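Contents: one structure, followed by commentary.
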Amino acid sequence: MTTLRGPVRWLIGVPAAAAVLLFALPLFGILLRMPWSRLGEQLMSPAVHDAMRLSLLSSCSALALAVALGLPLAIWLASGRSALRTVARIIVMLPIVLPPVVGGIALLLAFGRAGIVGSWLDSTFGVTLPFSTAGATLAATYIGMPFFVLAVEAGLRAFDRRYLAAAATLGAGPVRRFVTVTLPMIRPSLQAGALLCWARALGEFCATQTFAGNLQGSTRTLPLACGVAMESDPELAIVLSLILSSVSIVVLFLLRQRWLAPR
Amino acid sequence: MNLELDVHLRRASLQLDVQLTVAAGDTVAIVGRHGAGKSSLLAAIAGLLPLERGRVALGAQVFDAGPAAPFVLPEARRAGVMFQDLLLFPHRSALDNVAFGPRVRGVGREQALALANEWLVRVGVGDRAQALPSALSGGQAQRVALARALANEPQLLLLDEPLSAVDASARLALRRDLRAHLDAFAGPRLLVTHDAVDAFALADRIAVLEAGRIVQAGPVAEICSRPRSRYVADLVGLNFLRGECAAGRLRVEGGGELVVSQAPDGAVLATVHPRAIALYRSRPDGTPRNVWSAEIVALEAAGDRVRVRLGGALPLVAEVTPLAIAELQLGVGGTVWVALKATEIAVFPA
């Protein structure tokens, strides 16, 4: 990059500074309006504890599901080129751009009590996903997993498969090659994908509320609690916002080498 | 256990058809231009490319005999492969790269690391055990790759351009060490190279590959001195001399002495390009430091050139045009004056 000089400096500098402010001011807002003196008390309330526990549980379960299902999916997607893969990729990536409320409605139509799969689950196993923690987890997975699949597929496509040939000549079978060569060599993609997936699952709001409802103790995660508090107890909403922002900042910090470092 | 090859396969625009036997304890150099099929041949032997038809067998073990027969996977062939790009695992230290094979074979962790360390010391990079491949020099990486191939107790060795990533100064030492490791290995040894000097220094036999086919194969000295085509002559048709060097004079094995420039003292290997040897009807004047008269033993056509085989203490081959043969009235049994500039003799420590 060249150094900016003369009037160009202002032409670039002023809008750039405005852009930074656009993002920095809301963050300042949270910090300025933070009821610091009552922070401890707010954090101790059972409602906040419930929301934290639920958020951790649903986001971590979503990540586990994303790894268990998304890793095989990413491997398949990266293993060639075909129309079927393209269609599958579009379907899987959809939640990234889909308005989350639409995702929630779609989930309800599929897994709700009267949904295609939901009615069968209900009648056969007596399992109802809406208004349960499992439902909140499903919604979080639906929103978070595409990020994991996207990152891991990109990592696998960039991976030089000749290293697998080298490992094979050294006696390693396919499973061993995958575990000792492929996984360590795509680790940056796995880490980035997992972090993004988890962060998105943690922040999931609209799809969860639409599909799983907003019940304290079973589906009211931190973002939902935050939304509720905004109407009854704005101070609490600010506290919860601080928690969620802090987590996000930590995630970005962990991703910095891969996503934020200037190249 | 001999390695027996009857390889037929198609790869992009290349049709590979190769028949070759490599005896245990023998080093065969596959020499050819880029795209001649050298690496594909190694891949077929290692099990990384299946045959369309033919046979790859090591002793009684048939690795591949076409699509209808059972295919032995690369991980079961126990071939020690050194890839052209080395392919050292970038996330593992030199030590862990070498220990990979033994670990896979079920050797315990401590023991595998000890074994790997032993091999690193043996190939001369014992002090780089903890380094990641990205921190190694070209020569060091090459040595680690060699150790990784050897530490796995392979049944055969396949080396793809084993000296390619090394600068000139490291090359000499690495070539010498590589020769020692090849000699110490009991199974069949196959190496791919495009460099005649490497082939001469490392191999017992040469097979020249052109567009997927072996155009000439045989003992190194024979191939280098009697190339049957222009392609072979251009690739490996050099004069190779072994001898002792002292004070700028090279005493050639079997008699004869040449003045050389900038040569190390001691045992050496020297090459002279056939086109660097000038032939005259009468004793030439001028600066060449080496002038002698020799009998013409044979005249051989090699493409659009004629190779003039000289007798006497320095049995060199000169390459001239058919026109020059006519002008010099050269004939078998006749005598010519030979001139060779000292600077045209390339000398390497042997």
In whole percent, the fraction of accessible protein surface over the protein assembly as shown that belongs to carbon or sulfur atoms, probe radius 1.4 Å, stands at 61 percent
On complex formation of B with A, accessible surface lost, both sides summed, probe 1.4 Å, nearest 100 Å², amounts to 1700 Å²
Where does each of A:E41, A:E235, A:E204 land when they are ordered by accessible area, with a 1.4 Å probe and the largest first? A:E41, A:E235, A:E204
Descending semi-axes in Å of segment B:118-206, equivalent ellipsoid built from Cα gyration tensor: 20, 16, 10
Result for segment A:150-263: accessible area per residue, probe 1.4 angstrom, in square angstrom, of 47 Å²
Evaluate peptide B:27-38: per residue, the Cβ atoms of other protein chains within 10 Å of its Cβ; return the mean as an integer. 0
Could you state the number of Å between the C-alpha centres of segment B:270-327 and segment B:1-60? 37 Å
Averaged per residue, what accessible surface does segment B:239-349 expose to a 1.4 Å probe, in Å²? 49 Å²
Between A:M34 and B:A313, how many nm apart are label points set 7 Å from Cα along the C-beta direction? 9.3 nm
Based on the Kirkwood radius over alpha-carbon pairs, what is the Stokes-Einstein translational diffusion coefficient of segment B:239-349 at 37 °C with 0.692 mPa s viscosity, in µm²/s? 231 µm²/s
Specify the inter-centroid distance of segment A:1-64 and segment A:93-154, based on alpha-carbon positions, in whole Å. 28 Å
Relative contact order for segment B:193-350: what is it in percent, counting Cα pairs under 8 Å that are at least 6 residues apart? 22 percent
What does the helix-only formula give at 222 nm for chain A: each DSSP H stretch with n ≥ 4 adding -39500 (n - 2.57), the total divided by the residues, and the result rounded to the nearest 500 deg cm²/dmol? -24000 deg cm²/dmol
Relative to a virtual label point 7 Å from the Cα of B:T343 in the Cα→beta-carbon direction, which members of segment B:249-278 show backbone nitrogen distances below 17 Å? B:259-263, B:272-273, B:275-278
Which values of log₁₀ I(q)/I(0), to two decimal places, follow from the Debye formula for chain B at q = 0.10 Å⁻¹ with a uniform point scatterer at every Cα? -0.68
Percentage of interatomic Cα-Cα distances in chain A larger than 28 Å: 48 percent
Over segment A:44-223, what is the mean sequence separation of C-alpha contacts under 8 Å (at least six apart), divided by residue count, expressed as relative contact order in percent? 40 percent
Mind checking the mean number of beta-carbon atoms from other chains within 10 Å of the Cβ atoms in A:170-181? 6
For segment A:22-161, alpha-carbon Rg and Dmax in angstrom: 19.4, 59
What value, in deg cm²/dmol to 500, does the helix sum -39500 (n - 2.57) over DSSP H runs of n ≥ 4 give at 222 nm once divided by the residues of chain B? -7500 deg cm²/dmol
Report the far tail of the P(r) of segment A:1-51, meaning the percent of Cα-Cα pairs longer than 17 Å. 62 percent
Candidates A:A78, A:A47, A:A172; GNM for chain A (alpha-carbon contacts under 10 Å) flags as most fluctuating A:A172
So how exposed is B:H273, as accessible area in Å² (1.4 Å probe, rounded to 10)? 70 Å²
If you bin the C-alpha pair distances of the protein assembly as shown every 10 Å from 0, what whole percents do you get? 3, 12, 17, 16, 14, 13, 10, 7, 5, 3, 1, 0
Segment A:152-253: trypsin sites (Lys or Arg not before Pro) falling in loop per DSSP and having at most 15 other Cβ within 10 Å: A:R161
Alpha carbon centroid spacing (whole Å) that separates segment B:190-265 from segment A:223-258: 74 Å
What average count of beta carbons from other chains do you get within 10 Å of the Cβ of residues in B:80-92? 4
If contacts are Cα pairs under 8 angstrom and at least 6 residues apart, what is the relative contact order of chain B in percent? 16 percent
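The values are calculated or read from the model by the stated rules, or taken from the named source; none is laboratory data. All values reported here derive from a predicted model rather than from experimental measurement. With ideal geometry, Cβ positions are generated from the backbone for all residues, glycine too; neighbour counts draw on all protein chains shown. Ligands, DNA and RNA are stripped out before the accessible areas are found, and what is left, the full protein with its side chains, is counted by its heavy atoms. Shrake-Rupley method; radii C 1.70, N 1.55, O 1.52, S 1.80 Å.
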